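My questions will all concern the structure given below.
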Amino acid sequence: MKLHRNSLLTAAAIVVVLYVVSLVVGLPAWAAVVLSVVLLVLLAVVWKQPDPPKPVVQKVQAAPAPVVLPDPVFSGPPTRTVVDVRLPSASADFQFSFSAVVQWSTVLSGSRHADLGAVAVDALLKRARALAVGLQVTEEALNQQHLAAILGEPALDEKGQVRCWATEVRLRLPDADHKHLQHLAALHRLEQTTLIERRMEQDKRAYLKDDVFATPGSAAVWWLANHPGDVENAVGLLDTLAELSAAANDLPVRRTSAEAVEQPKPSRAELEFTAAVDDLLEVEQAEPQRPARGEYREQFYSE
């Protein structure tokens, strides 16, 4: 193994130091030379020993720095908002209030129309109008869901310039119309209740007239059916039931009791006739009684 320059310099420096030390101490010259030789031999032996293998350090190439790309910026389709556009309903007295965000994309490249947003809004409102005209005003929530589902699908306008659709669809009745509709609904319920009560009353009246009080006998049977076993009271109520039956059928009252018969009031002519008859009776009673014609003849011939 070759001696390095630094090693030689070190050995020379040691020899010089030993020589100087021997002179200072007073040693003979040969002793200094021997000591130097021995020391050099030891140094040579030590230096000839192989150096321990050094670990091989492989240089690891640094990974290339990742290239950070900027997040892609997506530009959404153009939009335009419509608010409180009146649309007709199935009822001529009410109109819907329509709001939505209209979105569109160009179909024909190089279109020369100055405002494609207006084309998209017009096309979408036509679709919304055609749908709303068949919707009932009483189904507001269902109407909004139905309209949002259909208008959310892209569709072409009449000339095929844009494909438009809608988001955030809102369909409702104005507050004044909503209150008016609630008032009409309350009146309709009241009308239905009145008609049902009237029909029930008519049915009950028809049942009493045409079934219960059709005849005095049916009236008596009805009373016995509601008071089973109470025959004595039924007999006592026959006149009353007969009167009710006659009144129910617009017939003159028929009474079986002579005491209950009411004398009709006489007319003026009847009163005058009765007065004249009474006067004649009084005159006849005042004159003396004359024999009848037959009695006079028998008396004449007997004489």
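How do the pairs read when you match residues in the stretch 77-105 that are basic (K, R) with residues anywhere that are assigned to a strand (DSSP E or B), using Cβ under 6 Å and keeping only pairs 6 or more apart or on different chains?
Between residues of the stretch 77-105 that are basic (K, R) and residues that are assigned to a strand (DSSP E or B), the close pairs are R80/V102; R86/Q95.
On to the next question. Give the residues of the stretch 73-87 that are open to solvent by 80 Å² or more (accessible area, probe 1.4 Å) and either modelled with pLDDT under 90 or farther than 23 Å from Q161 by Cβ (or both), sorted by residue number.
The answer is V73, F74, S75, V83, D84, R86.
When the stretch 179-214 is examined, which residues are found to be among the polar types (S, T, N, Q) and open to solvent by 70 Å² or more (accessible area, probe 1.4 Å)? Full working, then the answer.
First, the residues of the stretch 179-214 that are among the polar types (S, T, N, Q): 182, 192-194, 202.
Within the stretch 179-214, Q182, Q192, Q202 meet the criteria.
Only one of (1) under 23 Å from the mean Cα position of the chain (by Cα); (2) open to solvent by less than 90 Å² (accessible area, probe 1.4 Å) is not met by S105, so which one is it?
(1)
For every residue, the table says whether it meets (1) on the phi > 0 side of the Ramachandran plot; (2) among the polar types (S, T, N, Q); (3) surrounded by fewer than 15 Cβ atoms within 10 Å (Cβ to Cβ).
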{"residue": "S89", "(1), (2), (3)": "no, yes, no"}
{"residue": "S99", "(1), (2), (3)": "no, yes, no"}
{"residue": "H113", "(1), (2), (3)": "no, no, yes"}
{"residue": "R129", "(1), (2), (3)": "no, no, no"}
{"residue": "Q136", "(1), (2), (3)": "no, yes, yes"}
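Among A149, A176, which is the only one that is surrounded by fewer than 10 Cβ atoms within 10 Å (Cβ to Cβ), free of Cβ contacts under 8 Å to residues at least 12 places away in the same chain and either hydrophobic (A, V, I, L, M, F, W, C) or touching a His at 6+ places or on another chain (Cβ under 6 Å) (or both)? Break it down stepwise before answering.
Working: A149 fails: surrounded by fewer than 10 Cβ atoms within 10 Å (Cβ to Cβ).
None of the other options fit; the residue is A176.
Scan A242, A220, A214 and give me the residue that is modelled with pLDDT under 90, of a type in the set (A, V, I, L, M, F, W, C), assigned to a helix (DSSP H, G or I) and touching a Ser or Thr at 6+ places or on another chain (Cβ under 8 Å).
Values: A220 fails: touching a Ser or Thr at 6+ places or on another chain (Cβ under 8 Å); A214 fails: assigned to a helix (DSSP H, G or I).
Checking each option against the conditions leaves just A242.
Moving on. T167 is checked against (1) open to solvent by less than 40 Å² (accessible area, probe 1.4 Å); (2) not in a helix (DSSP H, G or I) and fails just one. What number does that condition carry?
Here T167 meets the rest and fails (1).
The values are calculated or read from the model by the stated rules, or taken from the named source; none is laboratory data. As the structure is a prediction and not an experimental result, all values here were calculated from the model. All Cβ positions, glycine included, derive from the backbone under ideal geometry; neighbour counts span all protein chains shown. Note: areas computed on protein heavy atoms with side chains; ligands, DNA, RNA excluded. Shrake-Rupley method; radii C 1.70, N 1.55, O 1.52, S 1.80 Å.
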